[in-house]
Amino acid sequence: MDSTEHTKKKRPASQVDKGAMVTETLNSARQYLKSGRVADADALIATLESKRWGGLKTMRMRAAVQKALSQKLEHGQTLKRIAEDENRAPSDLFRLAAYLIDNGDVEGSRAVAAPLEGRTDSQHLLLNLAYLEGLRSADLDIVRTALFGLLELDVPPPNLPELHIVLRELPKRDQDVLADAIKTKWPDRAADTADGSAARQTTIPQQHAATLAAAGKVSEGQELLATGREADEELRQALALIPPVEARLRPSIEDDGASVIVSPAGSSGTTLMVFTGLADQAMVPIECIDAFCAAEGHSVIYLRDTSRSLFIGGVPALASDYLSSLASLRAMVEELGTTRLLCFGSSAGGGAAIRYGLGLSASGILCASGVTCGRPEFLEEHTDQRARVVIRRLQRSFVTAELDLYEEVAANGGRTPIRLCFGTGSSTDVAHANYLEGLPGVSLNPLEGLNRHGSFSRMMLEGIFQEFIADG
């Protein structure tokens, strides 16, 4: 028998070329997604789809693009088609199950994940789903058990949204044990274990870049953002607007991670009170905000919510309740010689800026993607799944009226103007802003084309923040 009969037949050149082209195109699309160039990734996948090339691999990349574009319905439909394919992988079932959890269909998620039960190669996927399910139901026992289980396995960092929030909600002993294990096993997630914002700033490129720019090293900060990502490019442009050190009329603050930081007194008579979000920043490091205020000669009071109560129960470092905290803040404002008080809050700090701003009779309030209502029915209606473990605790700890700003804003009668900024493509932020629409003194400032929660960079680029703090 001729030896060539035992030689494996080579694929036709056209098939080799096609396979190589699919691989190259998918790799390019993956890189585009990683760098934030979603439109370019979308175009590449559309090319493969038009040729009906790539099969499941192309469908998986299509699902990733849809997720990046916030196309929830289409994303779910694609994940379902993939999961129904006979050549699906366990990870395909995981992605669909995770999608269903995120959209409130826990029973559907369990049904999808059922084939993974008992498989040794899927144990980490089931534990990851348990984490996500526990996060949605705000069951810290489930979340804790899932985390410890994942850390016992030899797996890469799994899908663990809001890990830094979860760790802070756990008992101190569990925090310490998990933090040490995460730093060792998943060093890429070490920033989530950092105790305090200062440590997180040095590990998150965007935060580090902004901190450098605030210190006068704008070019150095911008270099860190040369990724091609849309969000990074927007921040890179915004950093160029930060006033240089020599233009500032008072010394800048140094963020040591304290819960209350008061700047040196300015000369303008204006004081800005800043309420940070759950990440202990105002979407940018507070040094960035301070640079703008120092250039105007304003004083600033920076507040962090170490109790993770959205400041509803007071400012922890000042008092144990709202009214006592209000009195302490009023005294601080007077000590700075304030003739005009402004309040600013981002994300979870937005609601606090409104509540305390009204209580202190501020001259103006500005919110960046602020939270305005924490009622369970409101969050369910608008599928706001953020920080569920925190929100569920607050719903148990405070009466419903304390979670809702509507009546307080209405009672103010428009005496204090409130400006709400939000991205038009971020549905939860749109819902929170619309909740107060029409009330006296409330103005909505939609940021067109912005499809993410982080809105402060856009507010800088459009001059909204600068206009807010400018002397009237």
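List of remarks:
- Members of the stretch 41-54 that are buried (at least 16 other Cβ atoms within 10 Å of the Cβ) and part of a helix (DSSP H, G or I): Ala41, Asp42, Leu44, Ile45, Leu48
- Given (1) in a loop (DSSP other than H, G, I, E, B); (2) under 16 Å from Gly345 (Cα atoms), index of the condition Phe468 fails: (1)
- As for the stretch 442-460, it holds no residue that is free of Cβ contacts under 8 Å to residues at least 24 places away in the same chain, among the acidic types (Asp, Glu) and surrounded by fewer than 15 Cβ atoms within 10 Å (Cβ to Cβ).
- Residue list for the stretch 272-293, restricted to those being within 21 Å of Arg236 (Cα to Cα), among the aliphatic types (A, V, I, L, M) and over 16 Å from the mean Cα position of the chain (by Cα): Ile286, Ile289, Ala291
- The lone criterion from (1) touching a Gly at 6+ places or on another chain (Cβ under 9 Å); (2) of a type outside the set (Gly, Ala, Ser); (3) over 26 Å from Asp290 (Cβ atoms) left unmet by His453 is number (3).
- Close pairs from the stretch 148-170: first under 18 Å from Phe94 (Cα atoms) and not assigned by TED's automatic domain parsing to the domain that holds Arg189, partner modelled with pLDDT of 90 or more and assigned to a loop (DSSP other than H, G, I, E, B), Cβ under 7 Å, at least 6 apart: none
- Residue in the stretch 329-345 that is within 30 Å of Leu160 (Cβ to Cβ) and in the same structural domain as Thr428 (by TED's automatic domain parsing) present: yes
- For the stretch 394-407, filtered to residues that are surrounded by 17 or more Cβ atoms within 10 Å (Cβ to Cβ) and touching a residue at least 40 places away in the same chain (Cβ under 8 Å), the residue that is nearest to Ser457 (Cα to Cα) is Leu405.
- Meets criteria (under 15 Å from Tyr356 (Cα atoms) and either among the polar types (S, T, N, Q) or within 19 Å of the chain's Cα centre (by Cα) (or both)) for Ser307: no
- Selection of the stretch 141-177 for residues being aliphatic (A, V, I, L, M) and more than 19 Å from Ala279 (Cα to Cα) yields Ile142, Val143, Ala146, Leu147, Leu150, Leu151, Leu153, Val155, Val177.
- The stretch 257-353 holds strands (runs of 3 or more DSSP E) entirely within its bounds, and those carrying 1 or more residues that are surrounded by fewer than 22 Cβ atoms within 10 Å (Cβ to Cβ) and in contact with a strand residue (DSSP E or B) (Cβ under 6 Å, 6 or more places away or on another chain) map to 260-262, 299-303, 340-346.
- With respect to the conditions (1) within 24 Å of the chain's Cα centre (by Cα); (2) crowded, with 16+ Cβ neighbours inside 10 Å; (3) within 26 Å of Phe468 (Cβ to Cβ), Ala362 falls short on a single one, namely (1).
- Among the residues listed as Lys34, Lys57, Lys67, the single one being modelled with pLDDT under 90, surrounded by fewer than 15 Cβ atoms within 10 Å (Cβ to Cβ) and within 30 Å of Ala226 (Cβ to Cβ): Lys34
- Helices (runs of 4 or more DSSP H) fully within the stretch 384-438 that include at least 2 residues being over 30 Å from Leu140 (Cα atoms) and of a type outside the set (A, V, I, L, M): 406-412.
- Among the residues of the stretch 235-254, just one is surrounded by fewer than 21 Cβ atoms within 10 Å (Cβ to Cβ) and under 21 Å from the mean Cα position of the chain (by Cα), namely Gln237.
- Every pair of residues 6+ apart whose Cβ atoms lie under 7 Å, when the first sits in the stretch 94-106 and is closer than 19 Å to Leu379 by Cβ while the second is in a helix (DSSP H, G or I) and modelled with pLDDT under 85: Ile101/Arg136
- Some residue of the stretch 111-121 being of a type outside the set (Gly, Ala, Ser) and on the phi > 0 side of the Ramachandran plot: no
- Looking across the stretch 442-465, just one residue is assigned to a helix (DSSP H, G or I) and basic (Lys, Arg), and that is Arg458.
- Residue ID - farthest from Arg388 (Cα to Cα), chosen from residues in the stretch 168-179 that are of a type in the set (A, V, I, L, M, F, W, C) and part of a helix (DSSP H, G or I): Val177
The values are calculated or read from the model by the stated rules, or taken from the named source; none is laboratory data. All figures in this text were calculated on a predicted structure; none of them were measured in a lab. We place every Cβ from the backbone using ideal geometry, glycine too, and count neighbours over all the protein chains shown.
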